[in-house]
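Visitor: Before I ask anything, here is the structure I am working with.
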Amino acid sequence: MLGKFSFAVVLGLTAVACAPPLDELHAKAASDFNCPPKSGLIDTRTQATPVTLGSSDRMKVQGCGQHGTYHWDAQNHAWIREPEVTTTSATTP
């Protein structure tokens, strides 16, 4: 019985340790967006929402009048800003 409990604790700790750090995402986005320096202990300059419900490795971020999408690069332990996708429409003469 103790073995199953120990396994569950280790598994739970592993899942927590692998979760992308959202505080680093907010700091990276604030820097990319050229936000003014944060004031206080809590960084409220940016807001992040998951691109896919229930997933935390790809996030949409907005703040300081800008927005962007970031993904978590687990191999390099870093948030990477994805390039903006723009579409052009054909114009008729």
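Values quoted throughout were computed directly from the atomic coordinates according to the rules given, and no laboratory measurement underlies them. Quick caveat: nothing in here was measured; it's all calculated off a predicted structure. Cβ: placed from backbone, ideal geometry, glycine included. Neighbour counts: every protein chain shown.
Visitor: Add +1 for every Lys or Arg and -1 for every Asp or Glu among the other residues with Cβ under 14 Å from the Cβ of residue 65, and state the total.
Guide: Result for the neighbourhood of residue 65: 0.
Visitor: So how far apart, in nm, are the two label points at residue 67 and residue 44 if each is 7 Å from Cα heading toward Cβ?
Guide: Result for the modelled spin labels: 2.2 nm.
Visitor: While we're on this one: Segment 20-81: percent of C-alpha pairs farther apart than 18 Å?
Guide: Roughly 29 percent, once rounded to a whole number.
Visitor: A follow-up question, please. Given labels modelled 7 Å from the Cα in the Cβ direction, how far is it in nm from residue 52 to residue 77?
Guide: In this crude spin-label approximation the distance works out to 2.5 nm.
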